[in-house]
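K.L.:
Got a structure here, written out as structure tokens. Questions coming.
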Amino acid sequence: MRALVAVMCRELRLAARARSDWLMPPFFLLVVVTVFGFGAEPNDPRLSAFAPAILWVASLLAALLTLERLFRADYEDGTLEQMMLAPLPLYLSAAGKLIAHWVLTGLPLVLLSAPLGVALGLDGADVRVLVAGLALGTPCISAIGGFVAALTVGLPRAGLLLPVLVLPLIVPVVIFGAGAVRSAQQGLPVDAPLYFLAAILAVCLTLVPWVLSAALRNAVD
């Protein structure tokens with residue numbers, strides 16, 4: 001556990017040296033939602049109907065901005081090879097990097113979604129469902145995106161390939177997350193879509209670190 005925390009602290013220290021990279025996702029989310037608000041008519045009730053899709057798609061695209069750098073620097077400077085030779089299992093190192101990525105990218109998006117949801121016309125109950133869904137869905141985005149980043153880390157130009165591979169895998173997360181908010185807007189139960197998100201998160205936490213470590217070993221070999 002101490003080694004896992006050390007990996008996370010290392011990632012946070014490295015992120016502190018490149019603050020602009022990690023400020024980009026929340027800034028991107030803010031800009032996209034603001035542009036949608038300016039593009040709609042004043043007090044347009046249809047804006048709140050499209051708010052779940054706007055916030056979820058914008059959050060997904062914002063999270064993709066930092067995925068390519070998740071393993072790229074470690075691969076280029078040889079740190080990834082040292083992680084494979086270290087006593088700490090590689091899947092735990094990968095899990096630490098994924099957790100740090102979510103803290104730096106996913107958590108700010110979750111916190112920022114509440115005021116943005118209110119700005120788009122969502123009421124208090126809808127905002128709570130939105131935040132709960134993003135709290136369950138953004139770790140899935142980090143995990144699945146991290147796995148794809150590990151698959152493409154050895155490729156010279158993976159920046160364009162990464163979103164193409166990630167987006168189809170993330171579609172179920174967006175469907176259930178936005179669907180939970182729409183159910184709340186219609187007064188329907190929101191338990192089912194949130195349970196599906198929790199199930200996807202459980203699968204990601206259980207399987208992704210293992211398959212991600214295998215993808216990293218394949219990239220180095």
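Since every read-out is calculated from the coordinates, none of them should be taken as a lab result. Just so we're clear, the structure is a prediction, and the values are computed from it rather than from any experiment. Reconstructed Cβ throughout: ideal geometry from the backbone, glycine too, with neighbour counts over all protein chains shown.
K.L.:
For Cα Rg over 2.2 N^0.38 Å, pick the label among [x] 1.25; [y] 1.05; [z] 0.98 that corresponds to the value derived from the coordinates.
P.N.:
[y]
K.L.:
Of the listed peptides 178-185, 130-137, what is their order by residue-averaged count of other C-beta atoms within 10 Å, with the highest listed first? Mind dumping the intermediate values first?
P.N.:
On the way: 178-185: 22.5, 130-137: 24.1.
Top to bottom by mean Cβ count within 10 Å: 130-137, 178-185.
K.L.:
Continuing with this model, one more query. Just subtract the alpha-carbon distance of residue 164 and residue 188 from 0.36 nm times their residue separation and send over the number in nm, one decimal.
P.N.:
On the way: separation 24, 0.36 × 24 = 8.64 nm, distance 3.37 nm.
Net length gain for the segment: 5.3 nm.
K.L.:
Separate question: Pull out the extension gain between residue 125 and residue 16, defined as 0.36 nm times the separation in residues minus the alpha carbon to alpha carbon distance; nm, one decimal. Display every interim value, and only then the final one.
P.N.:
Working: separation 109, 0.36 × 109 = 39.24 nm, distance 3.50 nm.
Working it through step by step, the gained length comes to 35.7 nm.
K.L.:
Please report, in debye to the nearest 20, how large the charge dipole of the chain is about its Cα centre when each Lys and Arg carries +1 at its beta carbon and each Asp and Glu carries -1 there. Walk me through the numbers before you get to the answer.
P.N.:
Numbers: 13 positive and 13 negative charges, 66 e Å.
Here the size comes out at about 320 debye.
K.L.:
So what are the ³J(HN,Hα) numbers for region 48-57, from phi and the Karplus equation (6.51, -1.76, 1.60; θ = phi - 60°), rounded to whole Hz, Gly and Pro as x?
P.N.:
Going residue by residue, I get 5, 5, 8, 4, x, 5, 4, 5, 6, 5 Hz, with x marking Gly and Pro.
K.L.:
Sorted by mean Cβ packing within 10 Å, highest first, what order do the peptides 77-84, 191-198, 91-98 take? Could the numbers behind the result be given before it?
P.N.:
Values: 77-84: 14.5, 191-198: 17.2, 91-98: 22.5.
Going from most to least packed, we get 91-98, 191-198, 77-84.
K.L.:
How much length is gained if the chain between residue 31 and residue 79 is pulled fully straight, taking 0.36 nm per residue apart and subtracting their Cα-Cα distance, in nm to one decimal? Spell out each step's value before the answer.
P.N.:
Values: separation 48, 0.36 × 48 = 17.28 nm, distance 3.48 nm.
Taking 0.36 nm per residue and subtracting the Cα distance, the gain is 13.8 nm.
K.L.:
Quick check on packing: order 145-155, 111-121 by the mean number of other C-beta atoms within 10 Å, highest mean leading.
P.N.:
On the way: 145-155: 22.7, 111-121: 19.0.
Top of the packing list down: 145-155, 111-121.
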